[in-house]
1. In this structure, is E20 touching a Gly at 6+ places or on another chain (Cβ under 9 Å), among the charged types (D, E, K, R) and over 18 Å from P168 (Cβ atoms)?
2. Considering only residues that are more than 15 Å from M92 (Cβ to Cβ) and of a type in the set (S, T, Y), look in segment 18-43 and name the one that is surrounded by the most Cβ atoms within 10 Å (Cβ to Cβ).
3. Among the numbered criteria (1) on the phi > 0 side of the Ramachandran plot; (2) out of contact with any Asp or Glu (no Cβ under 7 Å at 6 or more places or on another chain), which single criterion is violated by L44?
4. Residues that are over 24 Å from L211 (Cβ atoms), modelled with pLDDT of 90 or more and of a type in the set (S, T, Y): does segment 93-106 have at least one?
5. Would a scan of segment 122-134 turn up a residue that is β-branched (V, I, T), modelled with pLDDT of 85 or more and in contact with a Ser or Thr (Cβ under 6 Å, 6 or more places away or on another chain)?
6. Quick one: which helices (runs of 4 or more DSSP H) lie wholly within segment 133-207 and hold at least 2 residues that are touching a Leu at 6+ places or on another chain (Cβ under 8 Å), not hydrophobic (A, V, I, L, M, F, W, C) and not assigned by TED's automatic domain parsing to the domain that holds E95?
7. On the basis of being among the polar types (S, T, N, Q), surrounded by fewer than 13 Cβ atoms within 10 Å (Cβ to Cβ) and out of contact with any strand residue (DSSP E or B) (no Cβ under 6 Å at 6 or more places or on another chain), does Q112 make the cut?
8. Within segment 10-22, count every residue that is touching a residue at least 40 places away in the same chain (Cβ under 8 Å) and either over 26 Å from the mean Cα position of the chain (by Cα) or not assigned by TED's automatic domain parsing to the domain that holds E120 (or both).
Amino acid sequence: MLENVPLFESLSPQDRSELESGMHTQNFPKGSSLVNQSDVSNNLLYIVLSGRLKVFMSNEDGREVLLDFLQEGDTFGELSLFDEQPRSATVMTVEDCKIGLFPRAYLFECLQRNPDIAIELLKTVIKRMRNATEQVSSLALLDVYGRIAKTLTNMVKIQADGKESTDPLTHQELSTMVGASREMVTRILNDLKKGGYISIENHRIELKKRLPVRW
C-alpha cells in the first residue's frame, strides 16, 4: 500500500511491508473531517491511500481560505507530530477516501531506523511552508486575475487523457483559494474561455495556451 507514497519510496519492499504492519487503515465517506483547526493533536500521521481531500482554514464568521488539495500518496499531520500544538487547519474529504494512520510512537521508531524517512518528512514540511509563503505573497501583491492565473498555472498537470488540466475544481473552491467572490472568479473564467485560453469540462479547467499577463 505504501509503494505510491513518496515519503517511503526510498525503502525496500521488505521495509515498507514492515512499516505497513504498524499502520491502521480506515475508510472515510465524502464530507468527513479528519482533522479540525485548533483541535488538540491526536499524535497521528495520516497517509492518503485513495481519494481526495481539501485543506482549509476558517474564522469565527465561517469565512474559509482553501489552502490545498491532497490525493493518493500525500501525507498530513506532520507538524503536530513534532510540536504537539493544536491543528493549524481543517482537512476534509471531498470524495470517499481510504486513509492510513500511523501512531506517533511507532513512526518515531521507524525514523530512528530509517533516517531517509526523516529527510523526506522534512522535505514535505518545507514544501508546505513554501506553499504557504507563496500564497500569502500572492494575496498581498497580485490582483484577483493575477491570483487566479497563478493558482491555475500551479495546479495544472498532465492528466491520464493527456490534457493539461486541473483536478476537479469548482468556481467556489477556486474563489476560496484566491480570496475573491465566486462571481468575480466566474466572470474571469468566462472571459478566458471566450479568449480560447481555457476550457472547462466536468469541473476540470484545461489550459489551452499560456494565460495572458493581465486581464
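1. Working: touching a Gly at 6+ places or on another chain (Cβ under 9 Å): yes; among the charged types (D, E, K, R): yes; over 18 Å from P168 (Cβ atoms): yes.
Considered against the rule, which asks whether it is touching a Gly at 6+ places or on another chain (Cβ under 9 Å), among the charged types (D, E, K, R) and over 18 Å from P168 (Cβ atoms), E20 comes out as yes.
2. S41
3. (1)
4. Yes, there is a match, as at least one residue in segment 93-106 is over 24 Å from L211 (Cβ atoms), modelled with pLDDT of 90 or more and of a type in the set (S, T, Y).
5. no
6. Details: elements: 144-155, 171-178, 182-194.
Passing ranges, in order: 144-155, 171-178.
7. On the way: among the polar types (S, T, N, Q): yes; surrounded by fewer than 13 Cβ atoms within 10 Å (Cβ to Cβ): yes; out of contact with any strand residue (DSSP E or B) (no Cβ under 6 Å at 6 or more places or on another chain): yes.
So Q112 fits the description; yes.
8. The qualifying residues number 1.
The values are calculated or read from the model by the stated rules, or taken from the named source; none is laboratory data. Just so it is clear, the model here is predicted, and its values are computed rather than measured. Note that each Cβ is placed from the backbone with ideal geometry, even for glycine, and that neighbours are counted across all protein chains shown.
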